[in-house]
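**Student:** The following block contains the structure, expressed as structure tokens.
The values are calculated or read from the model by the stated rules, or taken from the named source; none is laboratory data. All of these numbers come straight from a predicted model, not from anything done at the bench. Please note: Cβ atoms are built from the backbone with ideal geometry, for glycine as well, and neighbour counts cover all protein chains shown.
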There are 4 protein chains.
Amino acid sequence: MSTLSAETSESFDRREFDRLFEEVKNWGRWGSEDARGALNHLTPARVAAAAAGVREGRTVSLAHDLDTVAGPDNHKPALHYMSQCSDIDDIEPRVNMDFLGMDFHGKSITHLDALCHCNYQGKLFNGVSSAEAVTSGGSAFGSVMSASSGIIGRGVLLDVPRSRGVEWLDPGTAVHPEELQRVAAEEGVQLSQGDIVLVRTGARRRRAALGPWDPSNFSAGLFPTVMRWLHQHEIAVLGGDADSDARPSPVDGVTSPIHALALTAMGLHLVDNVNLEPLAATCAELNRWEFLCVLAPLRVPGGTGSPLNPIAIF
Amino acid sequence: MSTLSAETSESFDRREFDRLFEEVKNWGRWGSEDARGALNHLTPARVAAAAAGVREGRTVSLAHDLDTVAGPDNHKPALHYMSQCSDIDDIEPRVNMDFLGMDFHGKSITHLDALCHCNYQGKLFNGVSSAEAVTSGGSAFGSVMSASSGIIGRGVLLDVPRSRGVEWLDPGTAVHPEELQRVAAEEGVQLSQGDIVLVRTGARRRRAALGPWDPSNFSAGLFPTVMRWLHQHEIAVLGGDADSDARPSPVDGVTSPIHALALTAMGLHLVDNVNLEPLAATCAELNRWEFLCVLAPLRVPGGTGSPLNPIAIF
Amino acid sequence: MSTLSAETSESFDRREFDRLFEEVKNWGRWGSEDARGALNHLTPARVAAAAAGVREGRTVSLAHDLDTVAGPDNHKPALHYMSQCSDIDDIEPRVNMDFLGMDFHGKSITHLDALCHCNYQGKLFNGVSSAEAVTSGGSAFGSVMSASSGIIGRGVLLDVPRSRGVEWLDPGTAVHPEELQRVAAEEGVQLSQGDIVLVRTGARRRRAALGPWDPSNFSAGLFPTVMRWLHQHEIAVLGGDADSDARPSPVDGVTSPIHALALTAMGLHLVDNVNLEPLAATCAELNRWEFLCVLAPLRVPGGTGSPLNPIAIF
Amino acid sequence: MSTLSAETSESFDRREFDRLFEEVKNWGRWGSEDARGALNHLTPARVAAAAAGVREGRTVSLAHDLDTVAGPDNHKPALHYMSQCSDIDDIEPRVNMDFLGMDFHGKSITHLDALCHCNYQGKLFNGVSSAEAVTSGGSAFGSVMSASSGIIGRGVLLDVPRSRGVEWLDPGTAVHPEELQRVAAEEGVQLSQGDIVLVRTGARRRRAALGPWDPSNFSAGLFPTVMRWLHQHEIAVLGGDADSDARPSPVDGVTSPIHALALTAMGLHLVDNVNLEPLAATCAELNRWEFLCVLAPLRVPGGTGSPLNPIAIF
């Protein structure tokens, strides 16, 4: 705990943050109209290579069950209603149907953040004005439609608690790039262009053991400098078992520095609330921390993201 | 048109239907508790083989955009509301968020039918009583959770209008197994165990050209005997650009015979309202009608299916 | 029909409209902070007088049934799902519960328009900037909370088709103030301060006879000069069996002139899609076109209106 | 606290409960088809008499603001989304619109319980089988449509904490009929046929002072024998600032005895989560605990109740 406290007490100056923001900024890199950002790193060749890595044909879901019960980490419970049971139609065959509703951003539902989800100082990725692009009808820039053909690539799990020999990282912990580099090395993987990188903090294992808490105030995540490291490796997507941000935030005045650096500066899509427990177990069992990873967001014109069931295929 | 009329006038006796139902029935085949049905055909080895077939790394989405506008084929328009724009929070970074809602069964949204979606004479797949399994809280049997680890396998497109040299099949057309066999042969593919078979009727091309109509009453689809053929080939999933059923139904007193035969008798998951137009174009361009196909339904406990963005990877 | 065509061909110049807007404008009349507008005409004394007018104790609902089926005049069908039936809880007593959802503005649901529902040239009632007051979180000015203590007053039905001796006014008809004055005189009522005025065009009777159509393009309603007359009489609320606006609009470039004049200029709340058929029958039967009228909108902070079941008490 | 503990420790035998259920049962009283139950007590003459009691014309809302934030007493937060702001349409006038959604039963939203909301031993009011009447499409018996013409009558507030000289009754307290009779006498009111009786426990005042808690487990309410007293007085509706039931329940094996006795046995509609604080203040100020009370539920075919803004008019 003392080590963790040391980590969490570490802070990152707002000017340092702004410098880092400029450093990892991909604005204009793929043209002024580009709305795919770091997905451009995931070339067809990378997709094909990722598929070629499949061995056993074993599949693992990286999503949580949709949760309709309110709780400390589920302020906007999902809606699930049977819209019709077989008790009302008088035909053959009879059908059962249901309605789903969700305000999916938050700490419960596994979801993809589209680039338009987050702006810093009024600007979305590529310098687009959020106020101009986003109306009550949705976003004209960087919506989830930028990923509508699916994101298929090599997934890499960086399992930090496993490396530390602990069950989970305490909420508040911010992981540094040096540690992630070491974890990767221990796992025998090397980040490369177009990777879908998933960082495990063990948040859900802690939840299973100790019960839910509010990750808006207190969560394990990444220290801002991790984004420099990921930027250098030209990854395509970043995901985590929480929302990648450590809280309390290491950056004064920036509540979600990872979101700002990833979505806004780098154009790097995020996957939040990924269920990494079964994946971690499978990786450990197979002694392999890379896999084919599939993200298939719903096609929502103007949407800020999508609920998701990411699948890992070994 | 005269040929098509001949097809549509053809009917299938209710007793013939019931005999066919018995013939293709997989109840008990994988144990009395089984709720995966024909997904059992999709073994890890088949998954790995499908992944190994990827060449170019090109991905194609098989979903339609979520449609929030009511119409003849969209009686239950999807809900999409911005739940928060950057105009109300006073923090950095600012966020844009949205709410999605959908009663996804119907003729608009691309979706997976779980086995519990449909019963015949009160029985779900494996003989489970629908009235007992399905409550207002969802289904205790054959929910979409049976496919929660994703469905990854070899996809095969059977492009009927292409084979016929027409733009689309007229609504009301019921395609016979002999024709599908011929289409497959022309495409150079052979159905095999665990396949995800997608049959194109050109419904959406017709819609683009002539405008929407109500497919509940009038749609191109499959003649019931197609299910015998698919049963013999032990496919894992069946999809179509409408909902696989021809309407008016060829079977008197059974409005959706394909649904009953697939979901209820065979335990064969269906994918409805698949967008096959871009896929057909890609297959024709690459002269290849097989691909890696990924279905990643949302994890909805008790759910009768899920909206979906199926992805084809070449 | 020729008479009606004459009426509908009549148009109202945009400059005339703007002059009328200025003429009936109540901005500042009740202070610069006021958000109740013409509700200020409905003083406690008027409320008490209206209640004193009750004779028989007979009540009539002025709302339509919530309609969950999409149609030409119901683009956003209401959602109604059983959220729990008695089939899942194992306690005594058992309960049945349901979920309601509605995007209530439109042509189907009986609802109150709050003053913030409508702006003209960017300004809400009292000159408030719509862009500043209304965010994705709701409206900070003129929300339905301005009427949250209910609107109780004397209701007056002006039954135009009855006066004309027709079943309904043809869509496109715009009623003039002279006619409404004559209708009132025939009914033996005189408009007075604080009245809740309901104008019947017979739209729903036409719908029952001929089927639904899209009132967005074609509806009977009021000619703009009616608002001068209503302004002079200092009424508190205006309602109609459609949405009070005639369409095609008599004013070039202003699609809903009555909405702009009422909500924005006068601060006059509107009630749309009122079911006036049972009310008209009761009025005729009792030979009395005034009654106690009760509007009890839901308390929605920031809301732009509310679904409603207005009640007339005779 | 010791007094309250004495009260709460008091229990009511299940057999006593069943005897009381039989005693207050109104099944068949208004015919075997009747679905209005105790609303039959509210005759037109009673409506007129209630209206005649209005003096000052002062109106008070008895509803809480719709609450979109989850909490201990708000497990199913209401949905409120702007469906359109003036930022997307390019016409005059421009409009702001919103979507409302609610699963209104529970402890947050002020709502009416329809008779079909609750069954005891499988039977709804009048002996109707809940399993037969209520399907996934709604209830064919005792829906909120039974009250669709509105409930207008004399309201009576029984302010228990005021009588006791306390701020609120502690959760767990069950009020007995003798006390309510004494409260009424102190207030100078006598219950009579057709009354809408509202019992104040001060729950919301406690909430304002101490914060929310979960009333499902712990709430002040009525002791079962109160229903005998209300039955004798032939009241039409019962409401409370919680849900009328004391919890923990005084009846072993019956979690909501008041609901069962009222809705199921007596056919007495309930209003839950009524905001009685402003009403209590007004009553005390005017030294009058009776008023015209208006309940105008939404017209939801098959609905189990309705969100509501009850209005008191003095």
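**Student:** I need the full set of residues from the stretch C:189-207 which are of a type outside the set (D, E, K, R), out of contact with any Phe, Trp or Tyr (no Cβ under 7 Å at 6 or more places or on another chain) and either touching a residue at least 40 places away in the same chain (Cβ under 8 Å) or closer than 16 Å to C:S256 by Cα (or both), in order please.
**Tutor:** Listed by number, the residues that qualify are C:L191, C:S192, C:Q193, C:G194, C:I196, C:V197, C:L198, C:V199.
**Student:** Next up: I need the full set of residues from the stretch B:59-94 which are closer than 30 Å to A:T43 by Cα and more than 22 Å from the chain's Cα centre (by Cα), in order please.
**Tutor:** Correct list: B:P93 only.
**Student:** Sort out which residues of the stretch C:33-70 are of a type in the set (V, I, T) and under 30 Å from D:G137 (Cβ atoms), and write them in order of number.
**Tutor:** Hits for the stretch C:33-70 are C:T59, C:V60, C:T68, C:V69.
**Student:** Specify which of the listed residues (B:A63, B:A49, B:A45, B:A35) is outside any loop (DSSP other than H, G, I, E, B) and in contact (Cβ under 8 Å) with a residue 40 or more places away in the chain.
**Tutor:** Answer to the check: B:A49.
**Student:** Can you pull out every residue in the stretch A:95-105 that is more than 18 Å from the chain's Cα centre (by Cα) and in a loop (DSSP other than H, G, I, E, B)?
**Tutor:** Correct list: A:N96 only.
**Student:** Separate question: Which of the numbered conditions does D:F17 fail, given that it passes all the others? Conditions: (1) under 21 Å from the mean Cα position of the chain (by Cα); (2) part of a loop (DSSP other than H, G, I, E, B); (3) within 11 Å of chain C (Cβ to nearest Cβ).
**Tutor:** Condition (2) is where D:F17 drops out.
**Student:** On the given criteria, is B:I311 touching a Ser or Thr at 6+ places or on another chain (Cβ under 9 Å), within 14 Å of chain A (Cβ to nearest Cβ), buried (at least 24 other Cβ atoms within 10 Å of the Cβ) and free of Cβ contacts under 8 Å to residues at least 40 places away in the same chain?
**Tutor:** no
**Student:** Which ones in the stretch A:51-104 are modelled with pLDDT of 95 or more, of a type in the set (A, V, I, L, M, F, W, C) and within 19 Å of C:M97 (Cβ to Cβ)?
**Tutor:** Result: A:V69, A:A70, A:A78, A:L79, A:M82, A:C85, A:M97, A:F99, A:L100.
**Student:** Within the stretch C:172-190, is there a residue that is crowded, with 23+ Cβ neighbours inside 10 Å, in contact with a His (Cβ under 7 Å, 6 or more places away or on another chain) and either of a type outside the set (F, W, Y) or part of a loop (DSSP other than H, G, I, E, B) (or both)?
**Tutor:** Taking every residue of the stretch C:172-190 in turn, none turns out to be crowded, with 23+ Cβ neighbours inside 10 Å, in contact with a His (Cβ under 7 Å, 6 or more places away or on another chain) and either of a type outside the set (F, W, Y) or part of a loop (DSSP other than H, G, I, E, B) (or both).
**Student:** Scanning for something among the charged types (D, E, K, R) and either surrounded by 24 or more Cβ atoms within 10 Å (Cβ to Cβ) or under 14 Å from the mean Cα position of the chain (by Cα) (or both), does the stretch A:256-274 turn up at least one residue?
**Tutor:** yes
**Student:** Out of curiosity, is C:V156 among the β-branched types (V, I, T), more than 7 Å from every other protein chain (Cβ to nearest Cβ) and in a strand (DSSP E or B)?
**Tutor:** Considered against the rule, which asks whether it is among the β-branched types (V, I, T), more than 7 Å from every other protein chain (Cβ to nearest Cβ) and in a strand (DSSP E or B), C:V156 comes out as yes.
**Student:** Also: Being among the aliphatic types (A, V, I, L, M) and under 23 Å from A:N273 (Cβ atoms) is the filter here; which residues of the stretch B:287-314 pass it?
**Tutor:** The answer is B:V294, B:L295, B:A296, B:L298, B:V300, B:L308, B:I311.
**Student:** Are any residues in the stretch B:139-154 surrounded by 24 or more Cβ atoms within 10 Å (Cβ to Cβ) and out of contact with any Ser or Thr (no Cβ under 6 Å at 6 or more places or on another chain), and if so, which ones?
**Tutor:** Result: B:S139, B:G142, B:S143, B:A147, B:I151, B:G153, B:R154.
**Student:** Can you name the condition, by its number, that B:G239 falls short on among (1) in contact with a helix residue (DSSP H, G or I) (Cβ under 6 Å, 6 or more places away or on another chain); (2) at pLDDT 95 or above?
**Tutor:** The single condition B:G239 does not satisfy is (1).
**Student:** I've got another one for you. Would you tally the residues in the stretch A:133-150 being on the phi < 0 side of the Ramachandran plot, part of a loop (DSSP other than H, G, I, E, B) and more than 9 Å from chain B (Cβ to nearest Cβ)?
**Tutor:** Looking only at that region, the number is 3.
**Student:** Return the residues of the stretch B:232-255 that are surrounded by 24 or more Cβ atoms within 10 Å (Cβ to Cβ), without any contact (Cβ under 8 Å) to a residue 60 or more places away in the chain and not acidic (D, E); say none if nothing qualifies.
**Tutor:** B:L238, B:G240, B:S244
**Student:** Here are B:W229, B:W213: which of them is more than 29 Å from B:H75 (Cα to Cα), touching a residue at least 24 places away in the same chain (Cβ under 8 Å) and either among the aromatic types (F, W, Y) or part of a strand (DSSP E or B) (or both)?
**Tutor:** Step by step, each of B:W229, B:W213 is checked, and only B:W229 is more than 29 Å from B:H75 (Cα to Cα), touching a residue at least 24 places away in the same chain (Cβ under 8 Å) and either among the aromatic types (F, W, Y) or part of a strand (DSSP E or B) (or both).
**Student:** State whether the residues of the stretch D:72-85 include one that is over 27 Å from A:T68 (Cα atoms), without any contact (Cβ under 8 Å) to a residue 24 or more places away in the chain, at the interface with another protein chain (Cβ under 7 Å from one of its Cβ atoms) and surrounded by 23 or more Cβ atoms within 10 Å (Cβ to Cβ).
**Tutor:** There is at least one residue in the stretch D:72-85 that is over 27 Å from A:T68 (Cα atoms), without any contact (Cβ under 8 Å) to a residue 24 or more places away in the chain, at the interface with another protein chain (Cβ under 7 Å from one of its Cβ atoms) and surrounded by 23 or more Cβ atoms within 10 Å (Cβ to Cβ).
**Student:** Quickly run through the stretch C:109-125 and pick out the residues that are surrounded by fewer than 23 Cβ atoms within 10 Å (Cβ to Cβ) and either in a helix (DSSP H, G or I) or free of Cβ contacts under 8 Å to residues at least 24 places away in the same chain (or both).
**Tutor:** Within the stretch C:109-125, C:Q121, C:G122 meet the criteria.
Yes or no, residue by residue, for (1) assigned to a strand (DSSP E or B); (2) over 28 Å from A:V128 (Cβ atoms); (3) acidic (D, E); (4) more than 8 Å from chain A (Cβ to nearest Cβ):
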| position | (1), (2), (3), (4) |
| --- | --- |
| B:G57 | no, yes, no, no |
| B:I88 | no, no, no, yes |
| B:K107 | no, yes, no, yes |
| B:A131 | no, yes, no, no |
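**Student:** Spot the failing condition for A:E285; the list is (1) in contact with a strand residue (DSSP E or B) (Cβ under 7 Å, 6 or more places away or on another chain); (2) more than 8 Å from chain B (Cβ to nearest Cβ), and only one is missed.
**Tutor:** The single condition A:E285 does not satisfy is (1).
**Student:** Let me ask another. If a residue must be hydroxyl-bearing (S, T, Y), touching a residue at least 60 places away in the same chain (Cβ under 8 Å) and under 26 Å from B:A52 (Cβ atoms), how many such residues does the stretch B:135-166 contain?
**Tutor:** Within the stretch B:135-166, residues that are hydroxyl-bearing (S, T, Y), touching a residue at least 60 places away in the same chain (Cβ under 8 Å) and under 26 Å from B:A52 (Cβ atoms) number 2.
**Student:** So, D:V300, is that one farther than 30 Å from D:D13 by Cα, of a type in the set (V, I, T) and crowded, with 24+ Cβ neighbours inside 10 Å or not?
**Tutor:** Yes: the conditions hold for D:V300.
**Student:** Just checking, how many residues over the stretch C:112-133 are closer than 12 Å to D:M97 by Cβ and in contact with a Phe, Trp or Tyr (Cβ under 8 Å, 6 or more places away or on another chain)?
**Tutor:** 1
**Student:** In addition: If you check D:R164 against the conditions, is it farther than 24 Å from D:N40 by Cβ and crowded, with 20+ Cβ neighbours inside 10 Å?
**Tutor:** No, not satisfied.
**Student:** If you don't mind, another one. Working only within the stretch B:111-129, note down all residues that are in contact with a Pro (Cβ under 7 Å, 6 or more places away or on another chain) and more than 7 Å from every other protein chain (Cβ to nearest Cβ).
**Tutor:** Within the stretch B:111-129, B:H111, B:L112 meet the criteria.
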